[in-house]
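Where a number appears in this text, it was derived from the coordinates with a stated rule and is not lab data. Since we're looking at a predicted model, the values are computed, not measured. For neighbour counting, all protein chains shown are included, and Cβ atoms are generated from backbone atoms with ideal geometry for every residue, glycine included.
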Amino acid sequence: MKGIEDVTVYFADSYCSWQKGAVENVNKLIRQYIPKKANFNDFSDQYVKNVAKKLNLRPRKKLGFSNPKTEFFKQIANFALAS
């Protein structure tokens, strides 16, 4: 792939939630639907898919009140045009 050597990857330390704010924010959103100590075997695959769909269609302030799904496909379209 063109330009792949220009990608910088960062890894967060274990148990350092302040280093991974976006992940912690998504975890908080997921907890609205699935309690913290819940067993995922208690939830159907369809329920988990519905939660993911709701979260991907939920507007985010960080994205200018757009949603992650829309922004993802904008990035894919930009990548396809640049190739």
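Here are the numbers for this structure:
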| item | result |
| --- | --- |
| Residue in region 37-44 that is in a helix (DSSP H, G or I) and touching a Lys or Arg at 6+ places or on another chain (Cβ under 6 Å) present | no |
| Scan of region 2-19 for residues that are surrounded by 10 or more Cβ atoms within 10 Å (Cβ to Cβ) and either aromatic (Phe, Trp, Tyr) or touching an Asp or Glu at 6+ places or on another chain (Cβ under 9 Å) (or both), ordered by number | Ser17, Gln19 |
| Restricting region 60-83 to residues that are in contact with a Pro (Cβ under 9 Å, 6 or more places away or on another chain) and assigned to a loop (DSSP other than H, G, I, E, B), the residue that is surrounded by the most Cβ atoms within 10 Å (Cβ to Cβ) | Asn67 |
| Enumeration of residues in region 10-36 that are assigned to a loop (DSSP other than H, G, I, E, B) and within 17 Å of the chain's Cα centre (by Cα) | Tyr10, Phe11, Ala12, Lys20, Arg31, Gln32, Tyr33, Ile34 |
